[in-house]
Amino acid sequence: MAQSHEKLVEEWLRRNRYFTIRSARIGYSEIDLLALKVEKTKKDGKWIDKIVRRHIEVQISLKPVSYITQNHAKKRTAEQIEKDVDSWVHKKYFSNTRQEIRDAFWGGGTTLEDWNFDFVHHVIKEPIEIELIKKKGINIITFENIVKDLRKDDNLGTARRGSDAADQVSLLKIK
């Protein structure tokens, strides 16, 4: 069962006109969120459809008791932390099973270059891990910014009601 924070991230994506799949899995491998939308873009003076594909991993802690990649970052050298981040990024985004999940979502035939990779986080213990993850080509999104965006009045009234996440967003807007 998805955590409420994953549902809020999914709601944020949907409000940004993405089609989403939460907890996509093959065997024991799982991707938190896959998202897809078509954007109009101008190329050579003509409007064309550009497909935007996103693979999003979400790790939210209000009071983190461990680090993103290991339990004891303070006991590791900078080289060990970098090695652990490499391993974590590969496991979460670039392993063969993750590509199989993305192919199942899309119908096959995509490459890593076809995808945007995002990591959503909240409070973290060791900022160096975030910087190293970013260097691996992963977009870093703070959960705080997602919540701020969800709290904005989008003038859609009841059009967004009906899902648990939409109801949670309504609670976020209470002053």
> Packing-wise, with mean Cβ within 10 Å as the measure, how do 89-96, 22-29 rank, highest first?
Replying inline: 89-96, 22-29
> Hey, got the dipole for segment 97-150? About the Cα centre, +1 on K and R Cβ, -1 on D and E Cβ, debye to the nearest 20?
Replying inline: 120 debye
>> Can you compute 3J(HN,Hα) from phi for each residue in segment 132-138, using the Karplus curve 6.51 cos²θ - 1.76 cosθ + 1.60 with θ = phi - 60°, rounded to whole Hz and x for Gly and Pro?
In response: 5, 4, 4, 5, 7, x, 8
> About its Cα centre, how strong a charge dipole does segment 27-149 have in debye, to the nearest 20, once Lys and Arg get +1 and Asp and Glu get -1 at the Cβ?
Replying inline: 200 debye
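Readers should treat all values here as calculations from the given coordinates under stated rules, not as data from a laboratory. Keep in mind it's a predicted model, so treat the numbers as computed, not measured. Don't worry about glycine lacking a Cβ; one is built from the backbone with ideal geometry, like all the others, and counts go over all protein chains shown.
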